[in-house]
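In what follows, a single structure is set out as C-alpha cells and then discussed.
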Amino acid sequence: MLVANQAGHVSRLVAASAEGRRYQRVNVSLFGRFMLPDLTEHECQVINMSPGGAALLTKALADEGDRIIAYLDNVGRIEGRVTRLFEGGFAIDINATDRKRDKLAAQLTWLANRDTLGLPEDRKDERVEPVNPFSKVKLADGREYPCKISDISVSGAAVSCEVVPAVGAPVTLGRTAGRVIRHLPNGFAIEFSRRIAEEATPGMESNL
C-alpha cells in the first residue's frame, strides 16, 4: 500500500543507525514552553525535530551552551543544550537515554505520518453537543473572542467564531489549551494539549 510504504519511509527518517550516525530531523509543528538557566519560562514552537535534536522558534534570547528544559505538546518533557542560534530561535541537542530516544522516535513517526500523509483527524473519541455551547477563545496575543462549540470530546472541539486563526496556531478554549488543526466553514477545529475529564465533557463547566 502507498500509505504503508510512505509510513515506513518516515519511520526510517527518525530511526537511528546502528553506527550511531546523526538522526535526520523531520518537520513538525509542536507548541510548548521552555525554561532557561535563569528559571524564566517562555513560549516556543518546534519546527523540526529528531530523537537527537530540535529547532525552536521563540522570542526569548538564549546563549550557546544554555541548558534548556522544554514541555511540548504530544511529546512531553525534553532537555538539552543550545548548540546553534538562528534568527527567531535556536537549535538544541537533546540529552536523553536510549529508551527516551526510542520513545521520541515513535512519537515523531506518528506525528510525521499524520501530517505528511494527510491523515484525517483522530475521531476515536466520542463527540457530543455540549449542554452550554457558549464559551470564549483566547489567542496567543491575549485577544479573546466569543465562540459557540458545535461538538466536543475529551481530545478536541469544533467551534464557530468570528476569527479563524491559522492552522497550528495555539489557542485556549475557555481554560483548556490547544492548537488549531483545521478550518471549518464557520470556524475551526481544536486539538487539546491535554485530554479533559471525560465525565465533564457534556457540560464543560469544570474543565473549559
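Laboratory data are not the source of any read-out in this text; all were calculated from the coordinates shown. In this text, all values refer to a predicted model and were calculated from it rather than measured experimentally. All Cβ positions, glycine included, derive from the backbone under ideal geometry; neighbour counts span all protein chains shown.
Please give, to one decimal in nm, the separation of the simple spin-label points placed at E43 and K103, each 7 Å out from Cα toward the Cβ.
2.7 nm
As an exercise, use a Förster radius of 25 Å and the Cβ-Cβ distance of N132 and V164 to find the FRET efficiency, rounded to the nearest 0.05.
It comes to 0.65.
Only Lys, Arg, Asp and Glu count, each charged at its Cβ (+1, +1, -1, -1), so figure out the dipole size of the range 47-102 about its Cα centre, rounded to 20 debye.
140 debye
Gap in Å between the Cα centre of the range 145-201 and the Cα centre of the range 29-52?
Spelled out, the Cα-based centre of one part sits 22 Å from the other.
Quickly work out the M35-to-R194 label distance, labels modelled 7 Å from Cα along the C-beta direction, and quote it in nm with one decimal.
Using points 7 Å along Cα→Cβ, the separation is 1.6 nm.
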